[in-house]
Each structure stands twice: as C-alpha cells, then as structure tokens.
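The values are calculated or read from the model by the stated rules, or taken from the named source; none is laboratory data. Just so we're clear, the structure is a prediction, and the values are computed from it rather than from any experiment. Every residue, glycine as well, gets a Cβ built from its backbone with ideal geometry; the counts of neighbours run over all protein chains shown. Only protein heavy atoms, including side chains, enter the accessible area calculation; ligands, DNA and RNA are left aside. Shrake-Rupley method; radii C 1.70, N 1.55, O 1.52, S 1.80 Å.
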Amino acid sequence: MTGPDPGHGTDPRADPSPRERLAGAVERVTFHSEESGFCVLRVKVRGEQDLVTVVGNAAAVSPGEYIEAQGLWVNDRQHGLQYRADQLQVVPPTTLEGIEKYLGSGMVKGIGPHFARKLVRAFGEAVFEVIETSPARLEELEGIGPKRRERVVAAWAEQKVIREIMVFLQSHGVGTSRAVRIYKTYGDAAILKVSENPYRLALDIWGIGFKTADTLAQRLGIPHDSPLRAQAGVRHVLQVWSEQGHCAAPPEKLTAMAVDLLAIPEAIIRQAIDQEQAEGNLILDRELLFLTPLQRAEAGCAQHLRRLLAGSPPWGRIDPAKALPWVEAQTGLQLSPSQREAVTTMLANKVCIITGGPGVGKTTLVNSLLRILQAKQVEVLLAAPTGRAAKRLTETTGREARTVHRLLEFDPSSFQFKRDADHPLETQFLVLDEASMMDTVLMNQVLRAIPNAAGLLIVGDVDQLPSVGPGAVLADLIDSSAIPTVRLTEIFRQAQSSRIITNAHRINRGELPLAPPRGETSDFYLLHAANPEEIATKLFASVTTRIPSAFGVDPVRDIQVLTPMNRGGLGVRALNVELQARLNPDRQPRVERFGTTFAPGDKVLQRVNNYDKEVFNGDIGWISAVDPEQGTLTVDVDGRLVEYGFGELDELSLAYAASIHKSQGSEYPVVVIPLAMQHFTLLERNLLYTAVTRGRRLVVVIAEPKALAIAVKRRESRQRLTRLRERLVAG
C-alpha cells in the first residue's frame, strides 16, 4: 500500500492503524540532522496530489532520491498529518526528473542544478554509469575539460564512500556528522579501519570523543573490560587531562580517573597503563606519567635552552655606556634607569626573557635592542604564535614578523616543519613575542630550529592566562631562574593617561578597577548590573547601538565580546546566536551545520589548527561567500581567502562573542566583557586581566559587583603539572 484508499469517505491515516509501506520520491529535505540522522522529508507518493510529510531517520538523504519506508500515519497536533517511518531506506533515483534533482542538490561538489540538467539531457538514465565507468565522455559536453571532469569524478567517488561511512555509523547508533573527516583521515579503508579498532576515532578524528568511539565499540561487540578498551581509555583520560593544561599526571591520579570513566576494575587499568608504557605510548618520568609526545617536547625544551645558553652572544661584547646614548639619539626616546638596566642585561646575555604588563615599555626595549643589533649587522627574525600577534609585532617594530608556523615552514603534505635541528633557521637572533601563549610542544619546535650560535629574546606577560595547550612554559622558565629575566613594573607617563592600562595593573594587584567620573570621556567604563538578564540587556544595547554611535566604530568589525564561559545564558554560544540575529539578520544564502547557522558577513573563529589551510586556533575572519552548489564557504582571514567544505564547518564558530581564553595574543579596538555569578567557576584575576588587556581603544566591563570582586581577588588557578622548571634547575 503506497497511500490511502481514495474511496474512503474519511482519511484512515488520521486513525491508529497497523504499520504500512510507503514509497516515493524525495522532493525536499525540510530538515536533516547529520548527528542523529533524524529527518523531515516532503515526498511525492504515487496517487497523492499533495506532497506527503515523512518523519524518520536516514544517514544521508538528498532531493530526487527514492525512499522505501515502513511506518504509521499519525495526526501530529502541531504539524498535522504525517507518516512516521520506523524503517527508512534510501535508494538512488531512477526517473530522469529524480536523477536531475539528486545531482543538482549540491550533494556532489562541482555539480549544481545547471550542470545536472546538462548531464541528464546528454546521458539520460545512464548518467551514473558514465561518471563511474566512462568519465572521459563528460568532456563531450560544452564547458567540461579534463580538470572539471577530474573534480567531478573525484567528488562523486568521495561522496559514495562518505555515504557508506554514514550508513555504517548510523547502523551502529553513532551520529554521522563527522563522516567527511573520517573519510579524509582514513580514505577508502575507513570502515575497515574503524571496525578493527573504533577507539582510533577518538585519537585521530577531531570532534569525535571517547564516548562516541566507545558506543561504536560496544555495538561492534568489543567487551566492556577488554584490554583494547582499557588502553584506549587510559590514553583518552591523559589526553583530556592535557587539554586542561597539564603535561602529565601522577600514576595514582591517572588510574583513578580511568577507573571512574571506564567503570572497570583497577587491576585491568594498571595492566593497561603498563602495556601503554611497553608500547611506547606513555612514559613514566620524574614520578609522573606523560603522553610520549609531551614528555619528549618538555625534555626537548630544557635540552635546547641549555644548548642555546652556552657560548657568547653572536654580537660579541657591546659596551652599554656607548650603546645606550647612541640608541637614545637614534630613537629620540630617553630611557628610564630600569630600561637602561634592562638593555644592559639583554646585551650581556645570549638568551633573555622580558616580562611585564601593558604600558611598561616592552616595545621600547625590544626596538632599542634591535636598533643596536642592526648597527652590528646581526641577522634578526621576529615571530609570534598567532597571525594577529605577528601583525602587531610588525607594526610596533617596523620589521616583518611571522607566525611561528610560517617561521618554521610547516609542510602540510608531510605534516612536519621544514625547519628543525637538521635544517635550522637562518638567523643570528630570534625575538619571540607573546610567549605566554606558547605551549610545550610548539616551544620545543621553535627551540630545536634555532642554531647553536644564535641568540633568543623571549617576550611575554607572565600574568596573563597560560597557553591553551599543555604546559606553563613562560612561567616555568622564569621560575627556574635558569634564564636571565627582566621584569618590568614601572608604568610610563604616556601610558598613565589610559584607564585601560591603569585598571589592568590595578586588577593585577588585586584591586577593583575604577570607573571614570560621570560624564567624563574615557577608554574604560564599568557598568554594574543586578543580574544576568540586566547584563544581557546592557550588553546588547552597548554592542548594537551605544558604542557604535558614541565612538564611531563598526559593531561587527571593531567590537569583540569576551566572556569567561562557553555555556550558559552569558556564554559564547548563547551570545553569538543573539548577536548574529541583531547584527547580521536575514543574509542569504545561509548554511546550517553542526548546530550553527553561517551566512555572508558573519564573524567567525577558527577552533582548531588546520595546517593545510594555514589557519590556526583563535584566528578570526569574516564569511565572504556561501556557495550551496559547490558545498563551500569562503572566509576572509586577514585579507586571505580560505575555503571550507560544508563538512568542515565544525572547525568554525561564530565570533561576535568569544571566550577570553581564545582571545590570547589578539587585540581588538573595542572589548566588552560580561561578568556574572553564573561564571563563578572561572572567575579569576588572570582571566579578567587578560580580557581587559585585549582592548586597544575602549574596554567596557558589564558586571554583577560580587562577580567582579571575586574575579579580582581570586588567584586559585590550579598549578599545571609540568616538569620543565625542574629539568632546567637540574641542569
């Protein structure tokens, strides 16, 4: 039975009835979740004048495809009559109309509605066979050359495998939204590899967690207490621990966390830890268990710093008594006694650290040193962890600065840096700025690429948040006392007029920031609010109208909301949805993926390092185009256009609001910071200090007074478990 009996006086589908079969062509996909497979389809059923609404689950479905389903007709209170399928099978279309709709749905990159019509007119029902077995015939069509033919054939083969992966995942109770990434990682052997060891998904595929892999493993029959599960669980727990900033964990801590996660006996966990060590995945070092890459990176940092500290500076001996007056004459700046002492220290040491907050003269010191070294013909390179930080370093020094990844010449094809110990950087002196952002792994990559004879200046604010990645490198280097360190505290006169700078230092001393007198124009404002609802009201008014009209700034390009948390009513996700609706409404075409809607004009943030695209965690850009036909979205990142496939959009999030952690190394013209008691667990001094120091022209804090007081007073940042300081002290 494909539909109702037209001879009935009333519609029998409105009444409870036994399961029945339905078949028809999909005209429109009203909704489809790649995660759960849930879909709402509008289907053309033979004998029906109107389209039928079908609700069910399918790993993948496109307009033009044919469905065969088993289910029931129900009369939904909200949506009316619909067919609820408990079994839904999708089969390729067989009619010319269906084939054209299927090919033109955007499912295959490079085939849109126009090209789909061409293909169907030329090859009819044989079009699928032509693409698969006789692709050269595509060049018979006008406008189709070898390059486009190759693109279409590759995209066709790719989507076939991706659909197979989707069906495989959904048949085992796992969401299908990461199917594209699984395919790109494992290729045609994806299903075989995942079947052999589903836990590899959690290790290899960004966005797939251990729980998802564990669900799949259990569906595939892997025992709950199997050694495979125990070893994967141990490694996963240590990975999650490292994502909280730690380089390692005590064995008893790791054991307890794994037992808690996996709910299997401690003896099996201990065996798994032993086996992971035997296989070289974990290393016990200085009474802590490390993931092997982290242990090697931390030991490498210590080894390379000791190597670089040896010997004399490449510029030889420079007399400060002559150099300091000379550089003051060159720059026209009179150095303070503390700055003169700092330059003297830097000239005398091959490796040195400068740390201090805003307005204390770090830039003046770096520029003075570079002037002196330039006069001595010293070859200098400048670098910073992020694109924005590198751009700012270029502006403040007048010299080209590169991101660390560009400096080290990352090669996506080999997934390695070209610059290393065997092919070191061609420089005599490296300035590394924003060093508080450098995690253990990236710092090791930089240090190993510096030649033995070269000098190194590390610049950063140790009071800011530590790196997003594992380690507390800058703090460990300073605490070890193994490296000469200049700590700047004096705020210079020209900086004292900025309330942003003076309030940042007040916060860093544990003092509440001061609002300007009523009616006075300032670069720092403090707005009190009684509750989260009032914070939200004031925030939306400030961002959309008050700040743009009062200061002449663009609410999207110039204003950045920085909030402590991702979740909650004042978290990143909720604020982005509201700000997108207010600042970029109704832009078309739109695409919805991974729970987020993207449209041209949206501000977006890169959530993970993507070396192929040369975009990195924390980079901000603006969507310049959405192409549903090609299945691509284009983002302008610092003037460079970066293309994403729709299946890669989980790498992006909206960025009208961002977490304070993600803002490290960046500066924005205007920063707006909400602080509420719902942020309680994250309210700490270095968090607020970091947020305030991100603002260049204006900072507005909108806070519940109690939340602000807690953020200023609390210094309970959990000590990160590292051994870098001890390695340096031990020598």
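Scanning the range 492-518 for residues that are among the hydrophobic types (A, V, I, L, M, F, W, C) and open to solvent by 60 Å² or more (accessible area, probe 1.4 Å) returns Leu512, Leu514.
When the range 34-57 is filtered for residues that are in contact (Cβ under 8 Å) with a residue 40 or more places away in the chain, in a loop (DSSP other than H, G, I, E, B) and not charged (D, E, K, R), the ones remaining, listed by number, are Ser36, Gly37, Val45, Gly47. In summary, Ile67 fulfils each of the numbered conditions (1) on the phi < 0 side of the Ramachandran plot; (2) surrounded by fewer than 18 Cβ atoms within 10 Å (Cβ to Cβ); (3) out of contact with any Cys (no Cβ under 9 Å at 6 or more places or on another chain) with the single exception of condition (2).
Check the range 288-303 and report whether any residue there is more than 30 Å from the chain's Cα centre (by Cα) and aliphatic (A, V, I, L, M). No: the range 288-303 contains no residue that is more than 30 Å from the chain's Cα centre (by Cα) and aliphatic (A, V, I, L, M).
Right, Leu408: open to solvent by less than 60 Å² (accessible area, probe 1.4 Å) and in contact with a Lys or Arg (Cβ under 6 Å, 6 or more places away or on another chain) or not? Yes: the conditions hold for Leu408. In the range 397-434, of all residues being touching a Phe, Trp or Tyr at 6+ places or on another chain (Cβ under 6 Å) and assigned to a strand (DSSP E or B), the one that is farthest from Phe616 (Cα to Cα) corresponds to Phe417. Inside the range 548-591, residues that are open to solvent by 30 Å² or more (accessible area, probe 1.4 Å), more than 15 Å from Asp602 (Cα to Cα) and touching a residue at least 60 places away in the same chain (Cβ under 8 Å) make up a count of 5. Of all residue pairs spaced 6 or more apart or on separate chains, those with beta-carbon atoms under 7 Å, a first member in the range 395-412 that is farther than 20 Å from Ile458 by Cβ and a second member that is open to solvent by 70 Å² or more (accessible area, probe 1.4 Å) are Glu409/Lys418; Asp411/Lys418; Pro412/Asp612. All of Val378, Val360 fail the test of being open to solvent by less than 10 Å² (accessible area, probe 1.4 Å) and assigned to a loop (DSSP other than H, G, I, E, B), apart from Val360. Looking across the range 123-163, just one residue is among the β-branched types (Val, Ile, Thr) and surrounded by fewer than 16 Cβ atoms within 10 Å (Cβ to Cβ), and that is Thr133. Does Ala342 satisfy the condition of being touching a residue at least 60 places away in the same chain (Cβ under 8 Å), within 33 Å of the chain's Cα centre (by Cα) and not in a strand (DSSP E or B)? No: the conditions fail for Ala342. Filtered by the rule that a residue be open to solvent by less than 40 Å² (accessible area, probe 1.4 Å), among the hydrophobic types (A, V, I, L, M, F, W, C) and either modelled with pLDDT under 80 or more than 14 Å from Ala59 (Cα to Cα) (or both), the range 86-106 gives Ile99, Leu103.
Might you check whether a residue that is in contact with a Gly (Cβ under 7 Å, 6 or more places away or on another chain) and open to solvent by less than 50 Å² (accessible area, probe 1.4 Å) occurs anywhere in the range 413-426? Looking through the range 413-426, none of the residues is in contact with a Gly (Cβ under 7 Å, 6 or more places away or on another chain) and open to solvent by less than 50 Å² (accessible area, probe 1.4 Å).
Flag: Gln239 matches the condition of being closer than 20 Å to Gly471 by Cβ, open to solvent by 60 Å² or more (accessible area, probe 1.4 Å) and not acidic (Asp, Glu). Within the range 637-652, not a single residue is open to solvent by less than 30 Å² (accessible area, probe 1.4 Å), in contact (Cβ under 8 Å) with a residue 12 or more places away in the chain and assigned to a loop (DSSP other than H, G, I, E, B). Residue count for the range 242-283 under the criterion of being open to solvent by 30 Å² or more (accessible area, probe 1.4 Å), among the aliphatic types (A, V, I, L, M) and in contact with a strand residue (DSSP E or B) (Cβ under 8 Å, 6 or more places away or on another chain): the result is 2. Exactly one residue among Ile99, Ile111 is of a type in the set (A, V, I, L, M, F, W, C), in a helix (DSSP H, G or I) and out of contact with any Ser or Thr (no Cβ under 6 Å at 6 or more places or on another chain), and that residue is Ile99. When the range 681-731 is limited to residues that are among the β-branched types (Val, Ile, Thr) and assigned to a helix (DSSP H, G or I), the one that is surrounded by the fewest Cβ atoms within 10 Å (Cβ to Cβ) turns out to be Thr681. Scanning the range 531-540 for residues that are out of contact with any strand residue (DSSP E or B) (no Cβ under 7 Å at 6 or more places or on another chain) and either surrounded by 18 or more Cβ atoms within 10 Å (Cβ to Cβ) or under 13 Å from Leu583 (Cβ atoms) (or both) turns up Pro532, Ala536, Phe540. Gly7 meets each of the listed conditions (1) part of a loop (DSSP other than H, G, I, E, B); (2) at pLDDT 75 or above apart from (2).
Checking Arg487, Arg573 one by one, the residue that is touching a Ser or Thr at 6+ places or on another chain (Cβ under 9 Å), closer than 30 Å to Arg307 by Cα and not in a loop (DSSP other than H, G, I, E, B) is Arg487 and no other.
Scanning the range 614-625 for residues that are out of contact with any Asp or Glu (no Cβ under 8 Å at 6 or more places or on another chain) and either at pLDDT below 85 or surrounded by fewer than 21 Cβ atoms within 10 Å (Cβ to Cβ) (or both) gives Glu614, Phe616, Asn617, Gly618, Ala625. When restricted to residues that are modelled with pLDDT under 95 and open to solvent by 70 Å² or more (accessible area, probe 1.4 Å), the range 288-321 contains 3. Selection of the range 34-54 for residues being within 34 Å of the chain's Cα centre (by Cα) and crowded, with 16+ Cβ neighbours inside 10 Å yields Glu34, Gly37, Cys39, Val40, Leu41. Considering the range 231-324, the qualifying helices (runs of 4 or more DSSP H), each wholly inside and each with 2 or more residues that are of a type in the set (S, T, N, Q), run over 266-278, 292-309. Looking at the structure I just gave you, is Ala383 in a strand (DSSP E or B) and within 19 Å of Asp638 (Cα to Cα)? In short, yes. Restricting attention to the range 587-611, the residues that are closer than 30 Å to Lys418 by Cβ and touching a Pro at 6+ places or on another chain (Cβ under 8 Å) add up to 1. Residues that are of a type in the set (Phe, Trp, Tyr) number at least 2 in the following helices (runs of 4 or more DSSP H) confined to the range 133-223: 146-171, 179-186. Out of Ala657, Ala599, one residue alone is more than 25 Å from Glu34 (Cα to Cα) and either touching a residue at least 40 places away in the same chain (Cβ under 8 Å) or surrounded by 17 or more Cβ atoms within 10 Å (Cβ to Cβ) (or both). It is Ala657.
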